[in-house]
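Below you'll find the structure, written out as structure tokens, and then a few comments.
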Amino acid sequence: MIEIDAQSWREMVEHAEATYPNECCGAMLGSIDGDEKKVLVAMHLDNAAAGSQRAYYELRPEDLLRADREARERKMDLIGIYHSHPDCDAYFSQTDLKNSCPWYSFIVLSIQKGRFDHANSWLPNAEQTAAEKEELKWQKS
Ligand SMILES: [Zn+2]
């Protein structure tokens, strides 16, 4: 189960709406206690994909390292990555699977016509052949 605190959730949704019709991406920092993950910080990262970003995002390895360092400085863990799907459902695509890491949660936010619609969290398997849905909760602000 992954739970997002109110401020982080607001920042993720605002980020996803602001970058529409392009995809946004970012890192989620917080605490992990067994299967219970709590996101306390949403870190906006650049979508570094060259060319159209309407259905594609790419993270720079150095940005991911920066997020990891930031987490450690705050005595937190890097829990996962979020990105948006403009005018598309919050499913985990083949490209998402190919670019995934099995130790992170991947939250996909569906943005329809510029507004947040729904979101899912995904846990890819080690072989990167499938991802299962993880229970996702967010605190209302
Ligand atoms: Zn995607």
(Q) Could you tell me the center-to-center distance, by alpha carbons, between the stretch 92-141 and the stretch 28-49 in angstrom? (A) 12 Å
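If I take R0 = 25 Å and measure r between the Cβ atoms of GLU17 and GLU135 in this structure, what FRET efficiency does the formula 1/(1 + (r/R0)^6) give, to the nearest 0.05?
0.55
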Q. When DSSP assigns beta bridges and you keep just the ones with both residues in the chain, what percent turn out antiparallel, to the nearest 5?
A. 65 percent
Q: Using θ = phi - 60° and the Karplus relation 6.51 cos²θ - 1.76 cosθ + 1.60, list the HN-Hα couplings for the stretch 59-66 in order, rounded to whole Hz, with x at every Gly or Pro.
A: 9, 6, x, 5, 5, 5, 5, 5
Q: Excluding residues on the same chain fewer than 8 positions from LYS37, give the lysines whose Cα lies under 19 Å from its Cα.
A: LYS75, LYS133, LYS137, LYS140
Q. Along the three principal axes, how long is the stretch 61-141 when you take its alpha carbons, biggest first, rounded to the nearest angstrom?
A. 37, 36, 24
(Q) Under 5 Å between amide hydrogens, which residues at least 5 positions from LEU109 or on another chain qualify, with H placed 1.01 Å from N in the peptide plane? (A) HIS83, SER84, HIS85
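Could you state, as a whole-number percent, how many of the C-alpha pairs of the chain are farther apart than 17 Å?
Across the chain, Cα pairs with separations above 17 Å total 56 percent.
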Q | Residue-normalised accessible area of the chain, expressed per residue, 1.4 Å probe, Å² | A | 53 Å²
Q.
Students often check this: by mean Cβ neighbours within 10 Å, which of 1-11, 69-79 ranks highest, and how do the rest follow?
A. 1-11, 69-79
Q | Other-chain or far-sequence residues with amide H under 5 Å of LEU45's (modelled H) | A | CYS25, GLY26, ALA27
Q: Determine the share of the chain's accessible area contributed by carbon and sulfur atoms, expressed in whole percent, with a 1.4 angstrom probe.
A: 47 percent
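The values are calculated or read from the model by the stated rules, or taken from the named source; none is laboratory data. Every value quoted in this text rests on a predicted model; they were computed, and no experiment measured them. Don't worry about glycine lacking a Cβ; one is built from the backbone with ideal geometry, like all the others, and counts go over all protein chains shown. Surface areas here come from the heavy atoms of the whole protein model, side chains and all, with no ligands, DNA or RNA. Shrake-Rupley method; radii C 1.70, N 1.55, O 1.52, S 1.80 Å.
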